[in-house]
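The next block holds one structure in the form of structure tokens; read it before the comments.
The values are calculated or read from the model by the stated rules, or taken from the named source; none is laboratory data. Predicted, not measured: the structure shown is a model, and the values here were computed from it. Neighbour counts are summed over all protein chains in view; Cβ atoms, including those assigned to glycine, are modelled from backbone coordinates with ideal geometry. Only protein heavy atoms, including side chains, enter the accessible area calculation; ligands, DNA and RNA are left aside. Shrake-Rupley method; radii C 1.70, N 1.55, O 1.52, S 1.80 Å.
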Amino acid sequence: MPFRDLWEELREVMNEPDRGTWFSATLDLDRADGSAAFSYNHDERIWFDRLIPDLDPADVHLTVPLDESWADELRRHPRSPEYVPAWLRALVGSEAAGSEPEDGAAVERAIGVAPTWPPSRAGLASSARWSAVFDAVSEEIVRALRADTPATELLRREVDDRALEQVAETATNALLTRFVEDESACAALAAESGSPNGPEGAEDDVTDAITDLVDWQLARRFER
């Protein structure tokens, strides 16, 4: 994360009024002598599936920058006509890149939906501990939907199942860190869940319940 922030800062510092800034850059490190060499790409469209050798092809549509991202890039870093590549000019001039009246509407509607308990977990609503988890689930989902990620970028254009899965995973991981990795909190939540698995199964029981809450809330928010 710190490296990414510095990388973005470098990109902004190198922005030129007429030329904009680079689209991608490569840092080559020589372990033998500790030397470093930078190279910058100002003109070619980047495809992250080519930059990440072990990327799952099924995730490519979540990692390749969308057309709308490039239109926004040109707005953030304007270029004189002679510095706008033909492929970028085609995107900016296309109907898809230029129309944004519905952009983000589904996400904003989802954020405004009042959360509800899944029927299978409704019995936990009377628990103060689980009510706190329920509130945390809603907060994490809203935070994940407001985050600037490839998944939410895709959701702002169209409701996509794989993007929903990625948002759910993001929210769930944060919640598991908060409630499951805290052994005392996890044990207390498991004790109130009515599971027959006992202390040994506390982590699994609480994980399953939190996952159910996240999946249900996302499904209801997007009417799925």
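Computed values, structure above
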read-out: Restricting segment 179-224 to residues that are touching an Asp or Glu at 6+ places or on another chain (Cβ under 7 Å) and not in a helix (DSSP H, G or I), the residue that is surrounded by the fewest Cβ atoms within 10 Å (Cβ to Cβ); value: Asn197
read-out: Residue identified as open to solvent by 40 Å² or more (accessible area, probe 1.4 Å) and either modelled with pLDDT under 75 or not in a helix (DSSP H, G or I) (or both) among Asp72, Asp54; value: Asp54
read-out: Of all residues in segment 125-156 being without any contact (Cβ under 8 Å) to a residue 24 or more places away in the chain and outside any helix (DSSP H, G or I), the one that is most open to solvent (accessible area, probe 1.4 Å); value: Asp148
read-out: Test: Glu95 is closer than 26 Å to Glu44 by Cα, under 22 Å from the mean Cα position of the chain (by Cα), at pLDDT below 90 and open to solvent by 50 Å² or more (accessible area, probe 1.4 Å); value: no
read-out: Boolean, Val113 is modelled with pLDDT under 95, within 25 Å of the chain's Cα centre (by Cα), surrounded by 18 or more Cβ atoms within 10 Å (Cβ to Cβ) and among the hydrophobic types (A, V, I, L, M, F, W, C); value: no
read-out: Residue match in segment 198-213 (condition: polar (S, T, N, Q) and free of Cβ contacts under 8 Å to residues at least 12 places away in the same chain); value: no
read-out: Odd one out for Ala191 among (1) aliphatic (A, V, I, L, M); (2) farther than 21 Å from Pro119 by Cα; (3) over 28 Å from the mean Cα position of the chain (by Cα); value: (2)
read-out: Residues (open to solvent by 20 Å² or more (accessible area, probe 1.4 Å), over 8 Å from the mean Cα position of the chain (by Cα) and without any contact (Cβ under 8 Å) to a residue 60 or more places away in the chain) located in segment 162-178; value: Glu165, Glu169, Asn173, Ala174, Leu176, Thr177, Arg178
